[in-house]
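Engineer: Okay, handing you the structure first.
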Amino acid sequence: MNAIAEIARSAVAPSILPVWQRALLNARDPPRITHNHHEYDQVVDTKGNVVPLKDMAHRSVIFRPSDISAIRKTLPAHLHCCTSFDLITACLWRTRTIALQPDSNEEMRLLCVVNLRTKSKSLPLGYYGNAFACPAALATAGELRMNSLSYAVELVRKAKNEVTEEYMKSVADLMVIKGRPNLTAVRSLAVSDVRKIRMDEVDFGWGNAIFGGPAMGGAATVPGLTSFYIRFKNNKGEEGIVVPLSLPAPAMERFVLELEDLFKTISTNEAKNSQRKFISSAL
């Protein structure tokens, strides 16, 4: 996006030249799967869990730094170092599961997009191809409901830490061996933190954007599957994270109540007045 913006502002060439080199992420010969990849498990939707986007309700949840800090204080001491991504992801995954009301023994998946560029030395500056994995955290609905938030945080951190260069090679090999399967969508939530992309700072010649990101969650190949974590600043200049998401309307009502209850249990002034944390429609 910056390359296109630079050209739009009359640059002769982008400051970072594109590198194609797609073979850098090719499968091995012979291919071999060396990791578990639950993100590609083939799960049959026997209960009609995939709902058309037109039948979904859309909300954007706002997390301010004070909210994240307040939630972090509820975790055991060894998890106080966890990232805001870990906290928000665990919070949304657990709350969303409760709202959807699946059977206790049904498996729920959390797919988190992990950037390989921070984990690999083989990708040159300017490599313009996709370079990410979607490792899956896996738990039953009952486990997520009955355990505290720290249980979900641990699962999210474990899934992220599984991604190495060998993991990526295993994914590429799986694509060859299993014929490019799609990500598991049934009872799954996929999340991607796009704050560091800084889409709101891309300048095509008209200045910075007021907002950079999707207007609602789940508007992708599989309705309701994916949500993005986006930087935002309110009219008071306070920075935070906004997360658009989509759920079937009855589940969305339960989701809002569950998340409000979470903040009501946190005894800090910053986390009170939970009504402010929702935008009731698409941006």
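The values are calculated or read from the model by the stated rules, or taken from the named source; none is laboratory data. Just so it is clear, the structure is predicted and the values come from calculations on it, not from any experiment. In this analysis, Cβ positions are derived from the backbone assuming ideal geometry, glycine residues included, and neighbour counts consider all displayed protein chains. Note: areas computed on protein heavy atoms with side chains; ligands, DNA, RNA excluded. Shrake-Rupley method; radii C 1.70, N 1.55, O 1.52, S 1.80 Å.
Engineer: Counting just the residues of region 84-116 that are under 15 Å from Thr140 (Cα atoms) and touching an Asp or Glu at 6+ places or on another chain (Cβ under 8 Å), which one comes out most open to solvent (accessible area, probe 1.4 Å)?
Structural biologist: Ile98
Engineer: Additional query: Can you name every residue in region 25-43 that is touching a residue at least 24 places away in the same chain (Cβ under 8 Å) and within 23 Å of the chain's Cα centre (by Cα)?
Structural biologist: Passing the criteria: Leu25, His35, His37, His38, Glu39, Tyr40, Asp41, Gln42, Val43.
Engineer: Arg157: assigned to a helix (DSSP H, G or I) and within 29 Å of Asn105 (Cα to Cα), yes or no?
Structural biologist: Yes.
Engineer: In region 139-163, what count of residues is obtained for those that are open to solvent by less than 40 Å² (accessible area, probe 1.4 Å), under 20 Å from Ser84 (Cβ atoms) and among the polar types (S, T, N, Q)?
Structural biologist: 1
Engineer: Against the definition (free of Cβ contacts under 8 Å to residues at least 60 places away in the same chain and over 24 Å from Ile197 (Cα atoms)), how does Ala77 come out, yes or no?
Structural biologist: yes
Engineer: State yes or no: is Lys196 out of contact with any helix residue (DSSP H, G or I) (no Cβ under 7 Å at 6 or more places or on another chain), closer than 27 Å to Leu79 by Cβ and either surrounded by fewer than 18 Cβ atoms within 10 Å (Cβ to Cβ) or among the hydrophobic types (A, V, I, L, M, F, W, C) (or both)?
Structural biologist: yes
Engineer: So Leu24 fits all but one of (1) in contact with a strand residue (DSSP E or B) (Cβ under 8 Å, 6 or more places away or on another chain); (2) hydrophobic (A, V, I, L, M, F, W, C); (3) within 25 Å of Met168 (Cβ to Cβ); (4) open to solvent by less than 60 Å² (accessible area, probe 1.4 Å); what number is the exception?
Structural biologist: Failing condition for Leu24: (4).
Engineer: Among the candidates Val191, Val171, which residue alone is farther than 24 Å from Ala27 by Cβ, at pLDDT 90 or above, crowded, with 20+ Cβ neighbours inside 10 Å and not hydroxyl-bearing (Ser, Thr, Tyr)?
Structural biologist: Exactly one residue qualifies, and that residue is Val191.
Engineer: Please enumerate the residues belonging to region 123-135 that are open to solvent by 30 Å² or more (accessible area, probe 1.4 Å) and either under 15 Å from Ala172 (Cα atoms) or in contact with a strand residue (DSSP E or B) (Cβ under 7 Å, 6 or more places away or on another chain) (or both).
Structural biologist: Once the filter is applied, which keeps residues that are open to solvent by 30 Å² or more (accessible area, probe 1.4 Å) and either under 15 Å from Ala172 (Cα atoms) or in contact with a strand residue (DSSP E or B) (Cβ under 7 Å, 6 or more places away or on another chain) (or both), region 123-135 yields Pro124, Tyr128, Asn130, Phe132.
Engineer: Output the residues belonging to region 97-136 that are under 15 Å from the mean Cα position of the chain (by Cα) and small (Gly, Ala, Ser).
Structural biologist: Within region 97-136, Ala133, Ala136 qualify.
Engineer: Also, I was wondering about something else. Val176 - would you say it is part of a helix (DSSP H, G or I), closer than 28 Å to Leu259 by Cα and in contact (Cβ under 8 Å) with a residue 24 or more places away in the chain?
Structural biologist: Spelling it out, it is not the case that Val176 is part of a helix (DSSP H, G or I), closer than 28 Å to Leu259 by Cα and in contact (Cβ under 8 Å) with a residue 24 or more places away in the chain.
Engineer: With (1) open to solvent by 70 Å² or more (accessible area, probe 1.4 Å); (2) over 30 Å from Gly212 (Cβ atoms) as the list, and Cys81 as the residue in question, which single condition is left unmet?
Structural biologist: (2)
Yes/no matrix, rows are residues, columns are (1) modelled with pLDDT under 80; (2) under 16 Å from Ile68 (Cβ atoms); (3) open to solvent by 100 Å² or more (accessible area, probe 1.4 Å):
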| position | (1), (2), (3) |
| --- | --- |
| Asn235 | yes, no, yes |
| Leu247 | no, no, no |
| Leu257 | no, no, yes |
| Glu260 | no, no, no |
| Thr265 | yes, yes, yes |
| Asn269 | yes, yes, yes |
| Lys272 | yes, yes, yes |
